[in-house]
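Q: Quick one: structure below, then a few questions.
The values are calculated or read from the model by the stated rules, or taken from the named source; none is laboratory data. Remember, it's a predicted structure, so these values are computed and weren't measured experimentally. No Cβ is skipped: glycine too gets one built from the backbone with ideal geometry, and neighbour counts run over all protein chains shown.
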Amino acid sequence: MNATIRHVSTSVLNIAYEEHGDPGGQAIMLLHGFPYSPRVFDAVAPPLAQVGYRVIVPYLRGYGATRFLSSTAMRSG
């Protein structure tokens, strides 16, 4: 089962996330930590999606296609 890459914008970030499974299913969000990426969930997300969950795996700041909207935005703090 392939993931769909989607984006949501906030006032500071454009956040990319992978979505697996039924968009109407109960949502589960899987969050990676440093120094990992959503790839850490490649063996976990598809089986959850296959049993009916909507699995959301965001690319946290500094990873993948997630981007700050302004080059002057604070990166920490």
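Q: When both residues are 6+ apart or on different chains and their Cβ atoms are under 7 Å apart, which pairs have a first residue that lies in the range 1-22 and is over 26 Å from V51 (Cβ atoms), and a second that is of a type in the set (F, W, Y) and not in a loop (DSSP other than H, G, I, E, B)?
A: What qualifies is V12/F68; L13/F68.
Q: Mind checking whether some residue in the range 3-20 is more than 29 Å from S70 (Cβ to Cβ) and surrounded by 11 or more Cβ atoms within 10 Å (Cβ to Cβ)?
A: So far as the range 3-20 goes, yes, one or more of its residues are more than 29 Å from S70 (Cβ to Cβ) and surrounded by 11 or more Cβ atoms within 10 Å (Cβ to Cβ).
Q: Among the residues of the range 1-22, write down those that are at pLDDT below 95 and hydroxyl-bearing (S, T, Y).
A: T4, T10, S11
Q: Then there's this: Looking at the range 23-32, is at least one residue loosely packed, with under 12 Cβ neighbours inside 10 Å, aliphatic (A, V, I, L, M) and at pLDDT below 95?
A: No, that holds for no residue.
Q: Just give me the residues in the range 38-77 being of a type in the set (A, V, I, L, M), modelled with pLDDT under 95 and crowded, with 17+ Cβ neighbours inside 10 Å, in sequence order.
A: Listed by number, the list holds a single entry, L60.
Q: Before we move on, is Y63 free of Cβ contacts under 8 Å to residues at least 12 places away in the same chain and not charged (D, E, K, R)?
A: no
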